[in-house]
Structure formats: C-alpha cells, structure tokens
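The block underneath contains the structure these notes are about, expressed in structure tokens.
The values are calculated or read from the model by the stated rules, or taken from the named source; none is laboratory data. Note that the structure is a prediction, hence the values are computed from the model and not measured. As a convention, Cβ positions derive from the backbone with ideal geometry for all residues, glycine included, and neighbour counts pool all protein chains shown.
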Amino acid sequence: MKTVITFGTYDLLHIGHVRILQRSAALGDRLVVGVSCSDLNLSKKGRAPVYTTEDRMAIISALECVDEVFVEKSLEAKGEYIQKYGADVLVMGDDWEGRFDEFKSLCEVVYLPRTVGISTSKLIADISDINPDPESHS
C-alpha cells in the first residue's frame, strides 16, 4: 500500500483544495492529510482561520479521497509526521517548490500545480469587498 501525505490549512474549502487533494490521492492508495491547527496558521499567515481546527478537520475528513486526517501542530515536525504515518510520498503545492526537498531521504516529494485564480486569501478579500461591514446589514 502506497501512502501519500499532504498538509494545509484548508480554510474556506474551495475547488483548488478539492483538486489538489484528489490529485494527491491519485498518487497512492491512501491519503493522509495534516490540517494546520489555528495557532500554526496564525503564526505562518498572520491571521486566524475562519473555521476552527475541528471544523476544518471534519470538512476534510468528509471528502471521499481522504482516508485519514490529523492536526499539524508544527511546520518543523513534517519529517516526524511522514515517519509516523508511513508516508511514501509527500505532496505540496508548487508554491512551496523546493522547500521540502530535505524530506527526499524519507519519501518521494511531489509539488503539484495550484489551481490558477483561486485561493483562500483571495476569497476572503473578495468577500470583504462585497460586505465590508456585516453589522450594517443586520
């Protein structure tokens, strides 16, 4: 059995998330997904996710292509997660190209292209532009 592992925040689930998870799953027999905890997301992106860690994990768990989900608590622990889950392949988006090559001694490292034109940050900005003051529409 070939295990694939990937990581992300997966806030405001969108088609880009679904596509990269489906393409990741197609590279093996089992897909394990590390969902970045809210504190980790705050430290790496400077903002808290819209959804809680538990809600994001439940959403990702519900996807047919995902076999197992866990909380990613540290960027520095990726090697430990790879070993713990017996991953044969680490998949990341191509915006991280080269940043995880250090794990090639543990498993194959694959960078998949992101879906052009969509990101959680763009969605949040678009939503904010549509309704900059949600209290004014109560």
- Task: Among the residues of segment 6-20, count how many are touching a strand residue (DSSP E or B) at 6+ places or on another chain (Cβ under 7 Å), hydrophobic (A, V, I, L, M, F, W, C) and part of a loop (DSSP other than H, G, I, E, B).
- Result: 0
- Message: residue 63 - would you say it is modelled with pLDDT of 95 or more and closer than 16 Å to residue 112 by Cα?
- Response: no
- Message: Quick check on my filter: what residues within segment 21-52 are at pLDDT 95 or above, assigned to a helix (DSSP H, G or I) and surrounded by 19 or more Cβ atoms within 10 Å (Cβ to Cβ)?
- Response: 21, 24, 25
- Which pairs have Cβ atoms under 7 Å, sit 6 or more apart or on different chains, and link a residue in segment 92-109 that is under 15 Å from residue 20 (Cβ atoms) and modelled with pLDDT under 95 to one that is surrounded by 11 or more Cβ atoms within 10 Å (Cβ to Cβ) and aliphatic (A, V, I, L, M)? 93/20; 93/112; 94/112
